[in-house]
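Remarks on the structure that follows.
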Amino acid sequence: MSVTADSAPAEPVSAHSVNVDRVLTLQGVSMRFGAFTALENVDVRFEPGLVHAVVGQNGAGKTTFSRVVTGIYTPSEGRVLLGGAPLRAGSVTEARRQGVDMVHQHFSSPPSMTIAETLEFFSSERRSFFSRRGLVREWQRRVDALGFDLDVSRRIRDLSVPERQSVEIVRALSGEARVIIFDEPTASMPAQAVDALLGRIRDLAAEGLTVIVVLHKLSEVFAVADTVTVLNRGIVTLPKTSIAEVTADEVTRHIIGDTGPAGSAPGDVDSGLEGDAVAVAAGDAARRGDAAPAEEARPASGEGVRTAILDVRGLSTVASPSDARLHEVDLVVDPGEIVGVAGVEGNGQLSLVEALVGIRDATGSIELDGVEVSKLGVVERRRHGLRVIPFERNVEGVSSTSAVWENHALGEVLRSPRRLLAVQKLRAAARRRLDAWGVSYRGLDQNAGELSGGNVQRLILARELDDEARLIIAAQPTRGLDVGAIAFVQRSLAELADRGNGVLLISTDLEELKGLADRIVVLRGGRHVAELPPSADLHEIGRAMLGGDGGTDSVAAPSGTETLGAQDA
Amino acid sequence: MRDLKPVLQAAGFVVLAFLLAAVIFQAAGYDIGAIGVGLVDGAIAGPGAFINTVRWALPLAVIGLGVAVCFRAGFFNVGAQGQLYTGAIASTAIALHLPGPAWLVTVAAVVAAVVAGALWSLIAAVLKVYTGADEVLTTLMLNFIGVLVLDYVASGPLKDVKGSGQVASSERVAEDVRLSDAFGASPTLIAITLLLAAAVWIWMARTKGGLTSKLAGRNPVMVRWQGGNPNRMVLSSFAFAGATAGLAGAMHVLGPAGRLVSNFSPDLGFTAVLVALVGLLSVPGVLIAAVFFGGLQAALQYLPVVSDLPRAGLDLIQGVIAVMITLQLRWQFKRRRERAQQAERQPTPAATTTASSEGSSSV
């Protein structure tokens with residue numbers, strides 16, 4: 001049986017009655033975490049012999065989707081059928097036994113084990129006794145039979161990313177898998193290895209397996225998949241469609257959810273989105289209201305050209321397991337400006353923030369308010385006015401088992417050259433600032449972990465947005481907050497910019513970026529790939545984030561706008 | 001009081017340990033009444049008992065303060081025993097061989113002990129900073145090396161050739177170089193201990209380093225983002241802990257012992273870890289716990305007079321306390337990790353649900 005990408009129709013494959021036990025069906029699947037709905041009423045049927053792409057933004061429900069399919073999560077409603085029988089949920093092992101296997105985005109194999117040991121460990125066959133040599137011989141035979149070029153006596157930690165991926169695939173194949181799910185398989189892979197992997201994925205489908213690939217790069221979707229299904233905020237916005245029947249622009253539009261305000265999503269799930277929009281509007285209004293005097297003050301105070309608050313040239317970092325490395329990133333934040341950074345998570349945002357803060361080695365120049373700081377440590381950079389609202393407020397932001405006042409004081413204490421502390425003064429300052437920022441807390445000695453998410457964020461704002469702040473790096477500053485807190489944080493950032501400071505806003509919420517930023521910079525694969533005005537439509541930003549349909553951005557842009565215009569009209 | 005709960009918890013552990021030990025002693029057929037009387041007499045009531053309690057409380061407090069500083073910064077340095085021994089060796093070598101006025105020899109011997117203990121501790125710190133080696137393993141292993149080095153020195157280079165040869169030990173330190181008599185509770189030793197306690201208290205509560213290391217012990221990532229230097233914190237915490245253990249070594253040799261004996265006080269460094277933990281890593285707590293464990297140590301020496309309970313009997317009490325503290329720490333750690341995992345898993349929904357549940361619970 002040979003199936004090619006272009007000609008494969010989505011449905012007729014069900015005629016292959018032999019493979020019916022390999023059909024994976026989701027019927028009305030919903031997944032809720034408390035009040036949050038991660039998946040809403042998903043109906044989809046994946047046939048064998050085809051590569052099915054599932055795409056969506058961060059938070060669209062892709063990970064939840066793959067966890068439901070592999071049985072890690074039991075759906076709140078609906079069911080998952082494999083070959084007509086319900087899939088027993090519970091654990092990965094349970095799913096594996098039934099023939100559903102997942103190749104993970106992050107590899108879970110123990111680094112000190114050899115490939116042979118790993119494969120044996122995950123194998124469903126149970127041998128109680130074996131010799132080391134026998135193990136290597138057995139698994140080498142199987143790996144060779146599958147056509148992989150791997151020496152099974154090597155240790156996991158010595159393998160490259162593509163090699164680790166190969167181990168995962170061998171593991172899945174040796175377990176009699178009927179359905180294989182790839183969770184963002186290309187995310188941490190060097191570009192030159194991607195083609196080989198995609199070829200491998202196609203081969204698996206050609207052998208008659210049902211292959212589901214969770215992806216976010218459109219070029220890869222079109223390179224590998226036979227069908228595409230789009231998730232947006234937990235809802236299937238594009239039901240499974242044969243790849244031949246859609247264009248990259250259509251898929252992008254479904255991913256971003258820019259299909260008209262009314263039709264995109266039902267109210268109960270979307271209420272958060274509307275809240276965001278309102279909040280952005282509020283922040284925006286507050287900002288524009290104050291903007292006029294600031295605008296007038298700007299040319300007056302600067303003699304000639306004012307120096308940029310942040311001037312980054314050729315910033316590059318080395319590879320890291322957690323995020324894409326930066327390649328020669330240039331970035332300027334002028335006084336009074338909010339520069340937004342858009343991008344799919346994992347495309348260099350963390351690398352950028354860590355390199356700017358000074359906790360990740362980087363090459364290139366970083367000028368902060370006219371001072372070259374790339375060789376300075378974190379404290380020195382902070383003394384030059386760098387402040388950060390970090391990604392994870394309870395990890396990088398506060399120590400949740402320490403007192404509120406200590407969390408507030410640390411920033412000032414570390415910046416100050418004094419070694420002795422005036423504790424009463426620090427406590428008084430904390431009380432004054434926390435009250436001014438509207439943090440609701442019981443006492444200065446209360447642990448920060450007892451505060452709500454919004455109050456923790458206010459505590460961080462109170463610490464970071466002091467009078468000496470010049471550049472504020474706000475990384476996902478509104479993630480996980482309620483509507484009121486979101487509006488507050490956004491207003492605070494806008495006011496800060498209006499006082500002539502610079503703000504670098506990293507967000508995956510495009511509405512937020514459009515509402516707040518003066519310019520939007522798009523990071524993809526650690527590179528600065530586009531710079532757009534806030535008036536750019538979501539579609540345009542989305543295409544820059546996702547990489548379009550393989551063509552160059554400049555060619556693709558006008559046609560995309562046209563399509564969108566036609567749809568709206 | 002700010003937070004009474006942990007204090008009660010620590011006290012509860014101690015009481016529980018005694019009850020548990022009592023049950024075991026009873027079951028093993030010992031007379032608990034006599035053991036109880038023996039404990040009280042040996043630690044407080046008997047003639048010279050309290051002096052003996054103080055004698056043991058002093059080194060426990062000194063080492064315990066260093067351990068507390070290290071633990072508070074999040075580094076589980078359990079190498080006090082080896083650091084104590086290297087300090088004792090250095091101070092003996094100086095006290096026996098450095099010519100000069102007695103006061104100068106004393107000061108030099110104390111300084112040498114402090115430096116030697118710090119350097120010994122820094123081995124583990126350097127390994128941690130440059131190779132990421134876990135400090136629990138390295139400090140623990142260095143203890144064994146310390147024991148053997150002491151054995152070698154006491155039976156080799158510093159051996160008292162005129163001695164009986166039964167015990168490997170050095171010559172006696174000259175009387176005018178010593179800090180106390182054989183009872184070991186001299187004003188000098190007490191003053192050194194209290195001065196150290198005061199200094200540690202000021203450092204913990206009133207300095208940049210104290211605040212930074214306290215927060216780093218709870219959340220090192222956050223401190224790093226704020227500009228704390230984790231490597232410097234490792235080096236300075238370890239050096240300080242080693243210095244205090246070394247100081248205790250000098251206080252032992254120049255104090256009650258008067259000479260260096262192979263494998264002296266083999267539990268001191270480990271008991272000091274308990275002192276630091278039961279004392280909740282705070283200065284007043286460490287002092288109180290040191291007196292308590294000092295009392296146990298004193299009672300241990302007296303107990304054979306009134307009961308045939310073997311030495312291991314009292315070790316049992318300490319052991320039970322250690323096990324309970326470990327369980328509690330492990331439990332806290334596990335809870336923290338579970339929370340961290342929850343936050344990590346499914347960032348968006350988790351963050352949303354946490355935020356909403358926290359929002360509803362906060363007043």
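The values are calculated or read from the model by the stated rules, or taken from the named source; none is laboratory data. Nothing here was measured: the structure is a model prediction, and the numbers come from that model. As a convention, Cβ positions derive from the backbone with ideal geometry for all residues, glycine included, and neighbour counts pool all protein chains shown. We work out accessible area using only protein heavy atoms, side chains counted, and drop any ligands, DNA or RNA first. Shrake-Rupley method; radii C 1.70, N 1.55, O 1.52, S 1.80 Å.
What FRET efficiency comes out for the pair A:D151/B:T188, r = Cβ-Cβ distance, R0 = 56 Å, nearest 0.05?
0.25
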Drop in accessible area of at least 50 Å² in the complex versus isolated chain, residues of region A:401-422, 1.4 Å probe: A:T401, A:E406, A:L410, A:L414, A:L421
For chain B, calculated [θ]222 nm from helices alone, where every DSSP H run of n ≥ 4 adds -39500 (n - 2.57): -25000 deg cm²/dmol
Long-range amide H partners of A:L451 with built H, under 5 Å: none
Cβ-Cβ FRET estimate between B:F18 and B:M141, R0 fixed at 41 Å, reported to 0.05: 0.80
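Can you pull out the chymotrypsin sites (Phe, Trp or Tyr not before Pro) in region A:394-453 whose DSSP state is coil and whose Cβ has at most 16 other Cβ atoms within 10 Å?
On the way: sites: A:W405, A:W437, A:Y441; in loops: A:W437, A:Y441.
Filter output for region A:394-453: empty list.
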Euclidean distance of C-alpha centroids, region B:205-263 and region A:359-375, integer Å: 33
Rounded accessible area per residue of chain B, 1.4 Å, Å²: 46
Gap separating the Cα centres of region A:196-261 and region A:513-531, nearest whole Å: 24
Label-to-label distance, nm, for residues given as A:M113 and B:D315 (7 Å Cα→Cβ offset): 3.9
Share of carbon and sulfur in the accessible heavy-atom surface of region B:41-179 [1.4 Å probe, %]: 71
Cα gyration tensor, region A:427-468 - rounded (a/c under 1.5), prolate or oblate: oblate
Solvent-accessible area per residue, Å², over region A:24-149 with all protein chains present [probe radius 1.4 Å]: 45
Accessible area of region A:394-467 belonging to carbon and sulfur atoms, whole % at 1.4 Å probe: 49
Distance between modelled label sites at A:T93 and B:T131, nm, 7 Å Cα→Cβ extension: 3.5
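Greater than 22 Å separation of Cα atoms is the criterion. Which listed pairs, A:K425/B:K214; A:K62/A:K240; A:K375/A:K425; B:K128/B:K214, meet it?
Checking Cα-Cα distances, A:K375/A:K425 exceed 22 Å.
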Chains B and A together, accessible area buried on both sides, 1.4 angstrom probe, square angstrom: 3600
D (Stokes-Einstein, µm²/s), Kirkwood Cα radius, chain B, 1.002 mPa s at 20 °C: 98
Where labels lie 7 Å past Cα in the beta-carbon direction, separation of B:V305 and A:R132 in nm: 6.0
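Which shape class, rounded, prolate or oblate, goes with region B:11-166 when its Cα gyration tensor gives a ≥ b ≥ c as root eigenvalues, a/c under 1.5 marks rounded, and past that a/b bigger than b/c marks prolate? Walk me through the intermediate numbers first.
Values: a/c = 2.04, a/b = 1.36, b/c = 1.51.
Judged from the Cα gyration tensor, region B:11-166 comes out oblate (a/c at least 1.5, b/c at or above a/b).
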Shape category assigned to region A:84-221 from the gyration tensor of Cα positions, a/c cut at 1.5: oblate
Residue of B:A290, B:A168, B:A61 that the Gaussian network model of chain B assigns the largest fluctuation, springs spanning Cα pairs under 10 Å: B:A168
Accessible surface ranking that places the most exposed of A:D482, A:D509 first, with a 1.4 angstrom probe: A:D482, A:D509
Inter-centroid distance (Cα atoms) of region A:435-491 relative to region B:33-74, Å: 46
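What part of the accessible area of region A:16-265, given as a whole %, is carbon or sulfur when the probe is 1.4 angstrom?
Details: 5040 of 10130 Å².
Roughly 50 percent, rounded to a whole number.
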